[in-house]
1. Just need a number here: residues in the stretch 72-100 that are assigned to a strand (DSSP E or B) and within 18 Å of Thr30 (Cα to Cα).
2. Which condition from (1) among the aliphatic types (A, V, I, L, M); (2) within 13 Å of Arg29 (Cα to Cα); (3) open to solvent by less than 10 Å² (accessible area, probe 1.4 Å); (4) in contact with a Lys or Arg (Cβ under 8 Å, 6 or more places away or on another chain) is the one that Ala69 breaks?
3. Quick test for you: out of Val352, Val335, Val414, pick the one residue that is under 24 Å from Arg438 (Cα atoms), at pLDDT 95 or above and touching a Lys or Arg at 6+ places or on another chain (Cβ under 7 Å).
4. What's the number of the only condition in (1) at pLDDT 95 or above; (2) farther than 17 Å from Ser295 by Cβ; (3) small (Gly, Ala, Ser); (4) touching a strand residue (DSSP E or B) at 6+ places or on another chain (Cβ under 8 Å) that Ala394 fails to meet?
5. (1) within 30 Å of Thr517 (Cβ to Cβ); (2) of a type in the set (Asp, Glu); (3) open to solvent by less than 30 Å² (accessible area, probe 1.4 Å): which one isn't true of Asp344, the others all being true?
6. Evaluate the following for Ala244: is it over 17 Å from the mean Cα position of the chain (by Cα), small (Gly, Ala, Ser) and open to solvent by 10 Å² or more (accessible area, probe 1.4 Å)?
7. Evaluate the stretch 543-558: report whether one residue or more is of a type in the set (A, V, I, L, M), at pLDDT 85 or above and not in a helix (DSSP H, G or I).
8. Being closer than 15 Å to Val42 by Cα and open to solvent by less than 10 Å² (accessible area, probe 1.4 Å) is the requirement here; does Val225 meet it?
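The values are calculated or read from the model by the stated rules, or taken from the named source; none is laboratory data. Owing to the predicted nature of the structure, the values given are computational and were not obtained by experimental measurement. Quick reminder, even Gly has a Cβ in these numbers, built from the backbone with ideal geometry, and neighbours come from all protein chains shown. The protein model used for the area step is the full one, side chains on, heavy atoms only, and it has no ligands, DNA or RNA in it. Shrake-Rupley method; radii C 1.70, N 1.55, O 1.52, S 1.80 Å.
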Amino acid sequence: MSTTALPTAPLDAATTDTAVGDAASEQPRTYLVRTLGCQMNVHDSEHMAGMLEQAGYTRASSQDEAANAADVVVINTCAVRENAANKLYGNLGQLAGIKATRPGMQIAVGGCLAQKDRGDIVAKAPWVDVVFGTHNLDALPVLLERARHNEAAQVEIAESLQVFPSTLPTKRESVYAGWVSISVGCNNTCTFCIVPHLRGKERDRRPGEILAEVEALVAAGAIEVTLLGQNVNSYGVEFGDRGAFAKLLRACGRIEGLERVRFTSPHPAAFTDDVIAAMAETPNVMPQLHMPLQSGSDRILRAMRRSYRSEKFLGILDRVRAAMPDASITTDIIVGFPGETEEDFAETMRVVEASRFSSAFIFQYSPRPGTPAATMEDQLPKAVVQERFERLLALQERIGAEEADQQVGRTLEVLVAEGSGRKDGATHRLSGRAADNRLVHFRLTTSVSDTLPDAAPLPGVDLTQAPADLDDPRLSDVVPAGVPRPGDTVTVTVTRAAPHHLIAEPADASGLVVRRTRSGDAWAAREKARLGGGEDEHSHGTPAPSGPVSLGLPTLRR
């Protein structure tokens with residue numbers, strides 16, 4: 001473990017009591033967590049929030065979050081792309097001015113970039129109080145208290161995993177859907193990727209622990225779960241069962257009350273037919289697959305150390321669609337990898353055309369220090385990479401629009417989300433995800449609101465926002481017919497399509513059917529508690545049921 005602290009001093013029980021005692025007369029300290037990066041980072045941020053709440057901090061209000069006005073601001077960083085550092089230091093620059101006017105404010109930086117850059121962060125941004133890595137999330141509350149007591153920055157980076165993250169307290173963002181980590185780390189050696197260096201070798205959780213956490217989520221009201229791992233379909237290799245992931249999917253299908261199961265991300269080299277069969281034969285496993293391509297050129301795939309070729313990749317997609325004709329398939333692609341020729345790029349265009357992805361995350365290659373690709377010859381000029389990026393993006397936009405057009409006229413069940421659409425407030429639409437994970441914006445019918453189609457569904461109530469008071473109709477013991485809550489589902493018919501979303505605008509009440517769910521009830525209970533109207537029975541603040549872990553964390557007495 002690498003530790004930097006100036007000056008250094010042990011944080012013993014007496015020191016902790018003194019530091020906490022000084023805070024006893026204060027108002028509870030507030031926090032916010034900013035997340036940069038992938039779904040794994042999002043879930044890690046939920047653990048950070050859970051540990052802070054267990055230690056006595058309270059989440060900042062939405063207004064304070066928007067203004068970065070919290071006593072503790074945590075930035076959970078990503079190191080995959082070149083602009084990750086720019087995003088971090090841009091955020092830190094904004095926070096410096098706020099901290100100068102807010103006595104006692106603390107700034108903490110965690111995640112992959114913190115693991116990589118370590119003490120450099122404090123050297124470049126001396127107003128940062130705490131830096132911690134991917135392997136010691138559990139240290140955050142202790143480091144914050146130590147920084148306050150010592151009045152010096154604390155940098156603590158563990159070289160290997162100290163505590164499996166899923167055993168840590170968790171403050172989940174959603175009441176109706178949750179992330180469940182099945183493994184951490186990665187055993188692949190892709191030449192462009194720094195993740196294995198920062199998160200270590202793959203470590204698998206035991207199936208019983210995973211299923212216990214899923215069952216706990218469902219008992220708390222969730223109806224959707226996403227299984228997370230850097231390479232989910234290699235799950236089980238550590239304990240000698242190469243068929244473990246397919247078995248895990250089937251086991252999730254036997255959990256009563258769990259309606260939707262998703263997973264991300266698999267690796268094409270390890271993707272086997274037993275997983276396809278488990279997806280097709282398990283009703284609550286959704287017809288959605290995120291399958292990273294990275295390049296369509298076999299020569300470039302070889303240089304990337306991606307142990308599959310384009311023919312195998314396309315064969316996987318063919319077998320998935322044969323088993324699940326309505327499956328939506330998305331991908332990741334890197335443009336401009338070192339040595340990529342126009343012929344290589346043409347192969348990527350060919351494979352993308354054949355794959356018919358519903359959407360794709362397309363990235364321009366950026367060298368990451370510490371990766372083999374960063375020192376390869378034939379690094380491409382920015383102008384070449386940009387031009388290829390724009391061509392591939394235009395191709396995928398066309399394909400995405402054509403695939404979305406195939407959805408017009410289809411009837412879909414949509415899980416209603418909390419404020420997913422940026423324009424929902426202006427359009428008076430609500431948003432959610434279909435079974436295949438497509439984003440669907442839908443409008444309530446005029447029969448619900450007795451208003452014109454372009455007016456708000458319920459006069460005086462903005463259903464796209466969180467309830468402002470206990471009089472919100474969504475919090476009523478008897479919710480008005482046709483008014484969905486986040487966590488409920490609606491059945492709608494798609495009327496229009498765009499490359500990245502679908503639109504459903506029913507003409508009458510028969511065009512929108514609302515189904516109340518336990519998740520909608522849990523959302524209402526949480527919102528009532530937030531507004532002072534009762535206890536919130538929906539809590540994910542306790543460790544996952546893999547055995548209690550006592551970390552001896554200092555707490556802030558109120």
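1. Initially, the stretch 72-100 is screened for residues assigned to a strand (DSSP E or B), giving 72-77.
Right, trim to within 18 Å of Thr30 (Cα to Cα) and you get 72-76.
Final tally of qualifying residues: 5.
2. With respect to (1) among the aliphatic types (A, V, I, L, M); (2) within 13 Å of Arg29 (Cα to Cα); (3) open to solvent by less than 10 Å² (accessible area, probe 1.4 Å); (4) in contact with a Lys or Arg (Cβ under 8 Å, 6 or more places away or on another chain), Ala69 is out only on (3).
3. Val414 is the lone residue from the list that is under 24 Å from Arg438 (Cα atoms), at pLDDT 95 or above and touching a Lys or Arg at 6+ places or on another chain (Cβ under 7 Å).
4. Answer for Ala394: the failing condition is (4).
5. The failed condition is (1).
6. no
7. No, every residue in the stretch 543-558 fails to be of a type in the set (A, V, I, L, M), at pLDDT 85 or above and not in a helix (DSSP H, G or I).
8. Yes.
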